[in-house]
Structure formats: structure tokens, C-alpha cells
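A short write-up of the structure that comes next.
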Amino acid sequence: MSKQFIEAEQLGSEFTVGQIDSSKPDDLYLTSAGFEERTLTATESLDSDYEADWGIIYVNKEYFKRSNSEVTKTHLKEQKESLRKHCENVDVLMGSWLEADEQLYTLRDGFKNFTERNSLNITVDVTSFNRESLLVAFNILYSLSNDISTRVLYVSPEDHGEWLTKGHRLVRNVIGFAGIQNSSKPTLLIILSGFEKDRAVSTIEEIEPGKVLMGIGNPPTKETFLEENLQKQELVLNQQDTDRFRFSANSITDSKNDIKEVIEKYTDEYNLILSPMSTKLSTLGAWSAARESREVQVVYTIPGEYNLKNYSSGSEAMYIDWVK
């Protein structure tokens, strides 16, 4: 698997994203509308010659019920305008980050046009997806064909807000990753930690595992993010009896391999629960590792609220990675 990294200075109008296979259009370009500035970066960087049969924009309906809903509405409008230049068909899927069933059915029905294709070439801008909808979307897409090639675009921010989320509503199993639980084994909770200390602590408290492993994203997508992650993790370590491990925050394949190593080490002794809370690239690494290790349960902690007004700022860099 190859990976391409584009620094901030190259993210101007002169920068373009080429196709997986230039001999034919993509079957699908999938993105998500959100409230962050970086929502538009990848789509607006598409090469003028880029084509896809379908362009699909996923958006959570809850974003339209908040005080700054106009920002998401504007981003959605601009994304539709951009995709109409590249895609024969453009659809908007209105899902929910609160209701798991609605999220699943929205994505399943939205992908119905690809069920009879022998192979799929897909480009996914994962930047603004919430992690659960991203995991569910990939589960559905990879159930449609045995021959799928997916290019992943991820735009990292210049900086994060003082807080990202507050509180938590509940911890729930991600549909498609129930895992295998043995009542005679203790539980090991594996957390890919990020900036959200309270969310990590809430997950630990609700699951009450016998052992906790806190992963730190190193290499990170930005060195200053590593420092902040370490500080947040120390706060969790001071409250909980946990051990550390390292995973790659900037590569799907590397993070998958790091997580697989942990799974293989502990799978005989523990029931394994995996909670990805870091970058979208490492979230897809977790997805890929869990697909190959069906005994692993994947969970998602629903936040009480998002910092819609100051979640992040700017576009620091773009990562281009591949999933096969």
C-alpha cells in the first residue's frame, strides 16, 4: 500500500488529486458535509478531469438543528456544486449520529446502485465523517463486491479547539462488529486515544474492563498533536490502571498492523473490545484489523455534544492512502 502526503503549501488551487485508474471514471466519490473548514478541501482539490459515476454526500441531520447550522448548510451546498462538475449523479444522504438504525439504513439504501457491479473503484473523503458512520459505510461498501479498490483522502487540521466534545450519552456496539464474547474470559478494552480525555474515561467506566490498553498515535499527523495527545493520555492514566501501546495515526496500513499485533497478543486471554478515538486513518486501520479478527468487538462512544463552533481550524495537510 502506498501513501502520499501533501503539505499545506501545496493545498492551493494548483494542487490536484488524480484518479485511481485514469482509464475510466470512479464508480463512486463519497464525502461527508460537516461544520469544519476542512470539510471542502479534498473535494475542491479534485482534478478538473476527475469523473465519477455517482457523487454521494453524507450528512448528519443533527448538524442542522444547532445554532451554527448555516455553516453546514453552506458546506453542503458548495459540495453539491463541486461534485456536479465531476459526477453524472449527485445524491445527499441525510443520516444521524444519534440513531444507529437510521444511520445504517440511510447508508445501505444510498449505496443500492452499486449492488450489481462486479468491481468498484471508489474515492472516499473521510475528513468530516463521524467515526461510526465511517465504519458502517465501509462495512456496507465492502459487502457489495469482492473486487473493490478504495482511495482515501484525509485532510488534517491546522489546530483543534480547546475542546472537541463534552460528555457522553452511551457506548454502543458498531453494527457489524459484535465480536465473540466468552463468559470465562476477562475483558480487554483497547482505546486508540486522541484529544477527548472525558470520552475515553467514560468508555472505560461504562465497560468496566479487566484491563485497559491506551494507544498513542505516533507517528502523528502533526508533531504538536502528539504532545497534546500525550498530555491528555496522562490525565487518563492518572485516573485508571492502564498500559500503553503505539499505533500509527497517519497510515491505514501501519495502524492496522499495529492493532493486529495487539489483538494477536491478547486474543487467547481476553475478550477484546476496540474503541477508535483517533484520526480517521487509524479508524480505518481499526476497521481493517477488526474485519480480519472477527472475535473483536468495536464500540463507539456517542458524545453529549460537539464543539460545532470551534472544533478545528484550517487545513494542515492532505493524506492520500489506499484500502484494497
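Read-outs: derived from the displayed coordinates by stated rules, not from any lab. Note that the coordinates shown come from a computational prediction; the quantities given were computed from them, not determined experimentally. Cβ coordinates were reconstructed from backbone atoms using ideal geometry, including for glycine residues, and neighbour counts include every protein chain displayed.
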Hey, rough spin-label estimate for Glu51 and Trp322, points 7 angstrom out along Cα→Cβ, what's it come to in nanometres? 2.2 nm
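Starting with the fewest neighbours, write out Trp54, Trp322 ranked by other beta-carbon atoms found within 10 Å of each beta-carbon. Walk me through the numbers before you get to the answer.
Numbers: Trp54 21, Trp322 15.
Ascending number of Cβ neighbours within 10 Å: Trp322, Trp54.
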Once you put a point 7 Å from the Cα of Ser69 and another 7 Å from the Cα of Glu208, both along the Cβ direction, what distance in nm separates them? 3.9 nm
Could you work out how much longer the chain between Glu78 and Arg172 gets when fully extended? Use 0.36 nm per residue separation minus the Cα distance between them, nm to one decimal. 30.5 nm
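What full-extension length gain, to one decimal in nm, is calculated for Asn113 and Asn146 as 0.36 nm per residue of separation minus the Cα-Cα distance?
Details: separation 33, 0.36 × 33 = 11.88 nm, distance 1.59 nm.
Computed gain between Asn113 and Asn146 is 10.3 nm.
Listed here are the pairs Lys256/Lys280; Lys65/Lys197; Lys112/Lys260; which of them are more than 24 Å apart at the Cα?
Working: Lys256/Lys280 12 Å; Lys65/Lys197 26 Å; Lys112/Lys260 32 Å.
Those over the limit are Lys65/Lys197; Lys112/Lys260.
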Extension gain from Lys85 to Asp268, taking 0.36 nm per residue of separation minus the Cα-Cα distance: 60.7 nm
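Could you order peptides 127-140, 80-93 by the average number of other Cβ atoms within 10 Å of their residues, highest first?
Numbers: 127-140: 23.9, 80-93: 16.4.
Sorting 127-140, 80-93 by mean packing, highest first, produces 127-140, 80-93.
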Which value in nm describes the separation of the simple spin-label points at Ser183 and Asp159, placed 7 Å from the Cα toward the beta carbon? 5.4 nm
